[in-house]
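For reference, the structure is listed below as structure tokens.
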Amino acid sequence: MGMEESSENREKLVFLETFGCQMNDNDSERMLGILKGINFARTDDPNCADLILINTCTVRDKAEQKVYSTLGRYKELKRGRPGLIIGIAGCVAQQQGEKLLKRAPHLDMVFGPHNVHKLRELLLEADSGRRVVATALTEAIDAGEYGAAPEASGEKAFVSIMRGCNNFCSYCIVPYTRGREVSRLSADIISEIEGLCAKGVKEVTLLGQNVNSYSTSGGGDVSFPALLGMVCSLKGLLRVRFMTSHPKDIGAELIELFGAEKKLCRHLHLPVQSGSDRILEKMGRGYTVSEYLSKIERIKALYPDMAITTDIIAGFPGETAEDFEATMALVRRARFDNIFAFMYSLRPGTAAASFDGQLSVEVRTRRLQALLDEQRVITLEKNRDLIGRTVEVLVEGPSRGDASRMMGKTQCNRIVNIACPPGLDVLQGSIMEAVVTDASPNTLSAEAKTGNH
Ligand code: 5AD
Ligand code: SF4
């Protein structure tokens, strides 16, 4: 590929595929930021790429098989173009390391989440014909780790404020692939966001596996509520979000901030995982169902418009019909704005992998479906409750399929299609108010109420 040849100024192309969570999205944006600095542009056609990167996830599902089948697709390409470089990043890379190189002879690079910032050096090595593996987990955040500005396009961006997780929930692979918690310094986070604002970003989501422990486990310098306050005071930024909060750690100071900071979206993602105390205990979550419920009820009493979403795992090892019924009862009682439900997936190396009572795929599938069916009705009812109400929308652009309407998201991330009277000048990236006129399970329809402000 000749990256160091100064005579070669040809723009090179990278095809990048991302699986998994927003952490991975953010890592991918950092990769693109580094690649931009060495003359790469992004392509959505792997056939003309000089570099193919797959950023992988291993939280659920058959992650490795998926990686091998994706890799298989590029085997022929590599045969036809030996200069093509293929790399695997993300959590599967972290877990499998060397093994991936052994099984896929056409693979050139394997690097984990702590090694994203070394991409330029790794590419140089791969370019000179060496096959490279970078899966060292570092305890502290490396000085250059967040050095390159992530690529931002559009009005929304994710900003990683910490990495890793210390919770070791018994089902979860994350602490093994992303290491221990370390926080970034507030000044670094703020200057990254200022850079994003300069590129036109209006909404940032602060990311961490457990943002409530920002600074408490090393690395950071101010508390999470203090950091949020600093971010909210940045001019140019219209909205601030954060995820994920662990229910055991969310505190009063943070809850109060929702009253004081107008830019803070009235939305909390608070994963409950199960509605059975017995299962929560086996998961190692550190709270009971009644503690969880009283927390969200207190929050809703303070802010009736607060949207609360959650994650739930169906079919954890040893989950009885009664345990599952308790989860269904919790879903009915809490009336979440949305749930992200997953069937339990055994992760080798985690504590729960060796628990008794692993359930069949049929039971897990049936329970997952029951949860989704229950929530679909609640989501529709909650969306319908909004008919006639005014919502605040960050405009993302014309609606798909109907350019006379504008599409945007509410504070709690509902999709809204807004009918705008002719002549109303609605700018992408601006906030507008709209009155909801109709609701379906996934979208709201609305009419413009005011122009931009
Ligand atoms: N099986 C199923 N779901 C899982 N999650 C994490 N690990 C597993 C697993 N082994 C879910 C949790 C978490 C979300 C990001 O993914 O609900 O909150
Ligand atoms: Fe996984 Fe639990 Fe950490 Fe979330 S808090 S990343 S579920 S170990």
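The values are calculated or read from the model by the stated rules, or taken from the named source; none is laboratory data. Small disclaimer: the values here were computed from a predicted structure and weren't measured. For neighbour counting, all protein chains shown are included, and Cβ atoms are generated from backbone atoms with ideal geometry for every residue, glycine included. We work out accessible area using only protein heavy atoms, side chains counted, and drop any ligands, DNA or RNA first. Shrake-Rupley method; radii C 1.70, N 1.55, O 1.52, S 1.80 Å.
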When restricted to Gly220, Gly195, Gly259, the only residue more than 16 Å from ligand 2 (Cβ to nearest atom) and either of a type in the set (S, T, N, Q) or over 26 Å from Gly33 (Cβ atoms) (or both) is Gly259
Contact list, first residue from region 180-192 and under 18 Å from Cys232 (Cβ atoms) and among the aliphatic types (A, V, I, L, M), second anywhere and in a helix (DSSP H, G or I) and open to solvent by 20 Å² or more (accessible area, probe 1.4 Å), beta-carbon distance below 8 Å, six or more apart or interchain, is Ile190/Met230
Pairs, first of a type in the set (Asp, Glu) in region 301-312, second within 16 Å of ligand 2 (Cβ to nearest atom), C-beta under 6 Å, six or more apart
Asp311/Pro271; Asp311/Phe340
Which residues, taken from region 329-350, are free of Cβ contacts under 8 Å to residues at least 60 places away in the same chain, part of a helix (DSSP H, G or I) and either surrounded by 19 or more Cβ atoms within 10 Å (Cβ to Cβ) or among the aromatic types (Phe, Trp, Tyr) (or both)?
Leu330, Val331
Selection within region 264-295 - more than 16 Å from ligand 1 (Cβ to nearest atom) and aliphatic (A, V, I, L, M)
Leu264, Leu293
Report the residue count in region 254-297 for those that are closer than 19 Å to Gly208 by Cα and free of Cβ contacts under 8 Å to residues at least 24 places away in the same chain.
0
Residue count for region 92-110, restricted to those that are open to solvent by less than 20 Å² (accessible area, probe 1.4 Å) and in a helix (DSSP H, G or I):
4
Just the residues that are under 25 Å from Leu137 (Cα atoms) and part of a helix (DSSP H, G or I), please, taken from region 42-91.
Ala63, Glu64, Gln65, Lys66, Val67, Tyr68, Leu71, Gly90, Cys91
Residues that are modelled with pLDDT of 95 or more and within 22 Å of the chain's Cα centre (by Cα), drawn from region 57-90:
Gly87, Ile88, Ala89, Gly90
Tell me, please, whether a residue that is within 16 Å of ligand 1 (Cβ to nearest atom), open to solvent by less than 50 Å² (accessible area, probe 1.4 Å) and in contact (Cβ under 8 Å) with a residue 60 or more places away in the chain can be found in region 128-150.
no
If you go through region 236-255 one residue at a time, how many are more than 22 Å from Ile190 (Cα to Cα), more than 16 Å from ligand 2 (Cβ to nearest atom) and of a type in the set (Asp, Glu)?
0
Looking only at region 410-424, and only at residues there that are at pLDDT below 90 and open to solvent by less than 40 Å² (accessible area, probe 1.4 Å), the one that is farthest from the chain's Cα centre (by Cα):
Cys420
Number of positions in region 60-91 that are open to solvent by less than 50 Å² (accessible area, probe 1.4 Å) and within 16 Å of ligand 2 (Cβ to nearest atom):
3
Of the residues in region 161-181, how many are open to solvent by less than 10 Å² (accessible area, probe 1.4 Å) and either away from ligand 1 (no atom under 12 Å from the Cβ) or among the aliphatic types (A, V, I, L, M) (or both)?
5
